[in-house]
Number of protein chains: 4
Amino acid sequence: MRTHSVEVIRIATKSPGDVSGLMQLVESGRLAPASILAVLGKTEGNGGVNDFTREYAVSALCHALAPHLGITPPAVEERIAFVMSGGTEGVLSPHLTVFARTSANDNGTVDGKRLSIGIAQTRDFLPEELGRSAQIDETVKAVHAAMLDAGIADPQDVHFVQIKCPLVTSERVEAALARGAKPVTASAYGSMGYSRGASALGVALALGEIKSASEEQVLKDWGLFSSVASTSAGIELMHNVVIVMGNSVSSASPYLIGHAVMRDAIDLAAVRAAFESAGLTDGAVQDKLVNVFAKAEASPDGAVRAFRHTMLEDSDIGSTRHARAAVGGLIAGVAGCGAVYVSGGAEHQGPAGGGPIAVIARA
Amino acid sequence: MRTHSVEVIRIATKSPGDVSGLMQLVESGRLAPASILAVLGKTEGNGGVNDFTREYAVSALCHALAPHLGITPPAVEERIAFVMSGGTEGVLSPHLTVFARTSANDNGTVDGKRLSIGIAQTRDFLPEELGRSAQIDETVKAVHAAMLDAGIADPQDVHFVQIKCPLVTSERVEAALARGAKPVTASAYGSMGYSRGASALGVALALGEIKSASEEQVLKDWGLFSSVASTSAGIELMHNVVIVMGNSVSSASPYLIGHAVMRDAIDLAAVRAAFESAGLTDGAVQDKLVNVFAKAEASPDGAVRAFRHTMLEDSDIGSTRHARAAVGGLIAGVAGCGAVYVSGGAEHQGPAGGGPIAVIARA
Amino acid sequence: MRTHSVEVIRIATKSPGDVSGLMQLVESGRLAPASILAVLGKTEGNGGVNDFTREYAVSALCHALAPHLGITPPAVEERIAFVMSGGTEGVLSPHLTVFARTSANDNGTVDGKRLSIGIAQTRDFLPEELGRSAQIDETVKAVHAAMLDAGIADPQDVHFVQIKCPLVTSERVEAALARGAKPVTASAYGSMGYSRGASALGVALALGEIKSASEEQVLKDWGLFSSVASTSAGIELMHNVVIVMGNSVSSASPYLIGHAVMRDAIDLAAVRAAFESAGLTDGAVQDKLVNVFAKAEASPDGAVRAFRHTMLEDSDIGSTRHARAAVGGLIAGVAGCGAVYVSGGAEHQGPAGGGPIAVIARA
Amino acid sequence: MRTHSVEVIRIATKSPGDVSGLMQLVESGRLAPASILAVLGKTEGNGGVNDFTREYAVSALCHALAPHLGITPPAVEERIAFVMSGGTEGVLSPHLTVFARTSANDNGTVDGKRLSIGIAQTRDFLPEELGRSAQIDETVKAVHAAMLDAGIADPQDVHFVQIKCPLVTSERVEAALARGAKPVTASAYGSMGYSRGASALGVALALGEIKSASEEQVLKDWGLFSSVASTSAGIELMHNVVIVMGNSVSSASPYLIGHAVMRDAIDLAAVRAAFESAGLTDGAVQDKLVNVFAKAEASPDGAVRAFRHTMLEDSDIGSTRHARAAVGGLIAGVAGCGAVYVSGGAEHQGPAGGGPIAVIARA
């Protein structure tokens, strides 16, 4: 019995503050604002600490949607899961992907499993819980809750888990220390990696990809990873927001999702496998592709298939910018289009130097 | 009757000044220094105006080879054609490709056309001739001379033409003005584009790729281009050095060369075609690939297949760095290796936003 | 007869979207929103083409002030002159300077000329008028109108003229060409310099600093410049907004303004002279300084007092970032504080390589 | 009894490989190559991990001087202390400062203490000794030896101590671990800070600036620092080279040296004090200044005199580049010239956010 449908719309943007494409869809009636569950975006900042294009984009979207939802801009930000990834290096093209969920009657015209999305969130964390067991364990529960929300029972049907997670700030660190608690790191930047890593391990545990993960292994044991987790840390929340994407018989969506794992940054075979897992062979890509979601990083051992790379020693360009540009070039070559979601920072998301890649396509 | 052979060796480097790999080959007797015709290298600078890794690498090579050749370092620089391309963004890996030519007796074991290389140079140019008809016309003659040197008669057998060309400096501009002559631009940086563009048009004319090219069309009419030219400007010379690479029955080389043209920066089909033109299908790449030579640039119209790119508006990272990273990622994906020669700045070298790509492989 | 007063408040910001400091002043009643004439800000972007912190800051301010002014955010942007300068390199510190004007009765306690501000604007320009005589001439008129608005009759009393001016976009260029008109350049980036330069020459003419300026001299004859002009181009308007700052007997403001001209980027004597012109000697700076407004640029001849600088050849960091960092370091040293307004791009604003510097201090 | 003299010559360079200025002095007989003790240079790289302009400059100098000294280039590098600091941001101008020492008979025309230089070196360190007590203790001894060499008995007469110190590499770390020893950090980049910091503490101890320093305080207790130490780490050596500069009655040099300590990056008063300590008042700077030597860094607490700076959060430009640009702008303003030696990375060299500044001037 199909109970709902999922719509996925990719919208090109002209700048981080450009909401015209989304508003056109809303004002024309093509997209009901109340149905929007999540927005994943690529913005043209540097993707680093001082990338303000992410919060600018979210601010613009909240101000634009607020009157249509009859709530304030801050309430929009609480209601919809916004995940903005900065950095459109090389051929990558700034865009938004809007995920909307509507109820649906099964009219019998849809067969097989279809794209389904579920959302859940953890309780708020204390600063000292980030990057540690509490964050791992609560993430496990939230992934299970989001799977339930998506109508997905089998972990094999989960193909992408996007998580927004918190980071520590100097104020939060001080508050923790005042209580006699010690956060895993006092550095805001450093805590982002811990939070992303612990969240990814939570996904891996929830889906049975690994048997166990202790907090000592976070950012240490790179053999532990999830093949479908994509996590990003943000200053605006103290809990994890979990978005599970997979295929389900309860969905009447016209779309499918599949995935693969790139073992390194030049793993063309894995990119092809991801496209094929969503039913896309060479000829069909242009007609049926909706979007690609991938994580990229500079291999921490300084080499790709034994050839030295220079991403980690470049004092002019951060390694995440290098990695997005290169992996973006490869994926865009297969996708035939640069408006793909390639995000940097892949701790415990795929093997070291590699990362997960998911593809959504018209069935 | 095969009269010579061409050896091509790719050597990974640990830094711009690292000559240890080359010296090991020389000292072990594997490579006769006197046979070295040309060295094409990728160095880990920014590829921009203040990239000193190129001249540092050439200086290190000249100092290292001089005692083996019994000449001074400056004489080495005149004898061997060094072409260093700065910028190993993303997965690109610093390396040298050494081209050596030896005489050979045809022992009958080789069949078909094989890799052959020829070199020629133009007369010295006056500063005001750069980017203008004189440079175009003299390049035509030099390409023909280099083809003759390579034993290649049919333009169809030419697959890559690497040119080093001059640029103007403020001193050269002043000298010209004092004679009442006016260079095409007074900007050193700007003159590099003109010199590269005119040289590429000379290649296109020499090979019959275009029927005519006037100096008014340089950097204006992007419909005119060569599919095999790769040109780079350097301050150290006032003439063009032309290196023609192709296949010839006069060569007993164990290698073949082929090429294709990328119509844009994500033209995966063209990359594959280039590999296939050198006899490489998917399975054979790892065993037989020697190296790839390609030019990359940010599409000047600001879009790749109708999707906006941000390379030209990024005030933090130059567009050539973006382009090399993205195209390098794509080519490395097919090559299975980041030690490929991807160079930026492709005026009249392939269509706007695209560029030529040549592949050398073991036959 | 003193008819009005001018308040100037410098507010530190925590990020480009931080309006908390300004809102605190508004909500505490210390600052009447309706009295705000202009806001000049330094934001922590790169100051280049892809610096979105400027528009983000303006957007945040408009959204925050709109309910207090009872108008829409776009109406706030039309009512208040927002000038955001991106780039807080080195010790420069992000902040806003709010200028407010209130009517005042002369209670006789104020003597001498005091800080006064006037605003005016030109008619809308056609794209082909930018950088040309029309823009110069209309700017002259607007400067005179703004002086009148400020109650300043003598050009000697004008110490800083901030201008916001338009630029061309590809759409605007196409529209012009369709009418048979040809803009001075088709490049958006290039048109910014032309628009800034023509506007600065308009200031110089209006104040009698130069006798004449033809459109052929824009960006050519660097001997023509204004010692008090500070111009910046923005995409959001098609006319010039002119803010004149000077001293006037009609103002009861507690502040004074003075200025000097830096002849190059290391002109410490000029910085000191500017402080002294506002009544600030070494001992008084800390107590009385309100803010400093200066323009900086890399000397176009590649040298500062005969010593080569490398700002123009650095392909990793734009020359405007270098210049702001260096001049900001010098001015902050004298000011004892990094929250000073140092802006890049000084065409016809001060001599080549130098720039105007104005100081506002408590009388 | 004056036994020797010290010559100091500042030479502008046209590029990192430019040795023409130095060679002109050598070939004209103005400078005896055998008298050269040390060369401190500013090169136009990024000053970061991938700044190859430093080793390129040293390589060029060694190749140029070798025939004049009758030794090989590597032997030149062992004989002369080369300290290259990358990064000429803002108005900083690339140059070399050559220090030469000759014997001299006291002809009675010189009075007072004059510039003297002494050099010494420690034993080689094991990788695990870097950043620890052994490095601190051995540096103390070497500073004392260099003072003796310089003929300086009173620590008050020491005004600048330049140190070159080692760093760990992955090979060195592995070798240490194989012996059961654990280096203070496994990161090459990280070890540079430890090595610089321990070396600076050694200077502070040797000169009695602090009473004690344990290895636990390295990079932790920022209250411990030297006011005259300037240390830089390089991969090419395993011992510390110590260059002590001060004033001595045994020197007949025409120069004097003085110093001060900048307490933060905008400490103009300290810059002036340093100039005055070398006998330079405003009027005399242009005639008598030889060069300035200073260290700069971004204040680790994120603020300069309570105003937030953005140097540590800029993912596009490294904080050392920001700091050099700003401090260089300030010092150049006082010096009237950008060819000053401002170097980044000031662990335990001056207070946090500040740094030592020494001035050499004609007596």
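The values are calculated or read from the model by the stated rules, or taken from the named source; none is laboratory data. Note that this is a predicted model, so its numbers are computed, not measured. All Cβ positions, even for glycine, are placed from backbone atoms using ideal geometry, and neighbour counts span all protein chains on display. The area values use the complete protein model at the heavy-atom level, side chains included, leaving out ligands, DNA and RNA. Shrake-Rupley method; radii C 1.70, N 1.55, O 1.52, S 1.80 Å.
A simple packing score, the average count of other Cβ atoms within 10 Å per residue, orders the peptides C:329-342, B:108-121, C:177-190 as C:329-342, B:108-121, C:177-190, with the highest score first.
Of all beta bridges that DSSP places with both ends in the protein assembly as shown, some 70 percent have antiparallel geometry. Leaving ligands and nucleic acids aside, the C/D contact buries around 3000 square angstrom of accessible area in total at a 1.4 Å probe radius. For residue C:84, the residues 5 or more places off, or on other chains, whose built amide H falls under 5 Å of its own are C:41. With the gyration tensor restricted to C-alpha atoms of segment C:50-166, the semi-axes of the equivalent ellipsoid amount to 26, 23, 17 Å, longest first.
For residue B:221, no residue whose modelled amide H falls within less than 5 Å of its own remains once neighbours fewer than 5 places apart on the same chain are excluded.
Suppose all protein chains stay in the model; what accessible area per residue would a 1.4 Å probe give for segment B:226-363, in Å²?
26 Å²
Partner shielding of A:47-54 amounts to 5, given as the average count of beta-carbon atoms from other chains within 10 Å of each residue beta-carbon.
Legend: mean number of C-beta atoms from other chains within 10 angstrom of residue C-beta atoms, peptide C:57-68, equals 1. Size estimate for the protein assembly as shown follows the Kirkwood approach: the inverse of mean 1/r over distinct Cα pairs works out to 34.0 Å. Accessible-area rank, largest first, for D:199, B:277, C:232: B:277, C:232, D:199, with all protein chains present and a 1.4 angstrom probe. If you wrap segment A:264-363 in the convex hull of its Cα atoms and look at it from every side, the mean projected area works out to 6.1 nm².
Rolled with a 1.4 Å probe across the full set of protein chains, the surface gives residue C:297 an accessible area near 30 Å².
Summing Lys and Arg as +1 and Asp and Glu as -1 over all other residues whose Cβ lies under 10 Å from the Cβ of residue C:342 gives a net charge of +2. Taking the axis that rotates chain C onto chain B, the chain C residue nearest to it by Cβ, with the distance rounded to whole Å, is C:316, 4. For segment B:150-255, the antiparallel share of DSSP beta bridges with both residues in that region comes to about 55%.
Per-residue shielding of C:334-346, expressed as the average number of other chain Cβ atoms within 10 Å of the residue Cβ, stands at 3.
Residues whose amide H comes within less than 5 Å of that of residue B:4, counting only those at least five positions distant or on another chain, are B:104, B:252 (H built at 1.01 Å from N in the peptide plane). Accessible area per residue (1.4 Å probe, heavy atoms of protein chains only) ranks B:144, D:259 as B:144, D:259, with the largest value leading. Count Lys and Arg as plus one, Asp and Glu as minus one, and take only other residues whose Cβ is under 10 Å from that of residue A:13; the net charge is then +1.
Can you give me the P(r) profile for chain D? Cα pairs, bins 10 angstrom wide beginning at 0, each as a whole percent. Spelled out per bin, shortest first, that is 6, 25, 36, 25, 7, 1, 0.
May I ask you to derive the relative contact order of segment D:130-214, considering only C-alpha pairs under 8 Å and at least 6 residues apart, and to give it as an integer percent?
49 percent
Only helices enter the 222 nm calculation for the protein assembly as shown: every DSSP H run of n ≥ 4 contributes -39,500 (n - 2.57), and dividing by all residues gives -9500 deg cm²/dmol, rounded to 500. Short-range pairs are left out: with C-alpha atoms under 8 Å and at least six residues apart, the relative contact order of segment A:290-349 is 47 percent.
Within chain D, antiparallel bridges make up roughly 70 percent of the DSSP beta bridges whose residues both belong there. By the gyration tensor of its Cα atoms, with a ≥ b ≥ c the square roots of the eigenvalues, what is the shape of segment B:1-111: rounded for a/c under 1.5, prolate for a/b over b/c, or oblate? Because a/c hits 1.5 or more and a/b exceeds b/c, segment B:1-111 counts as prolate. Computed with every protein chain present, the accessible area of residue A:157 is close to 20 Å² [probe 1.4 Å].
Among the protein heavy atoms of the protein assembly as shown, carbon and sulfur supply 52% of the accessible surface, probe 1.4 Å, non-protein parts ignored. When the surface is traced with a 1.4 Å probe over the full set of protein chains, residue D:216 keeps roughly 120 Å² accessible. Taking all protein chains into account, the per residue accessible area for segment D:1-92 stands at 35 Å² (1.4 Å probe).
Relative contact order of chain D, taken over Cα pairs closer than 8 Å and 6 or more residues apart, is 22 percent.
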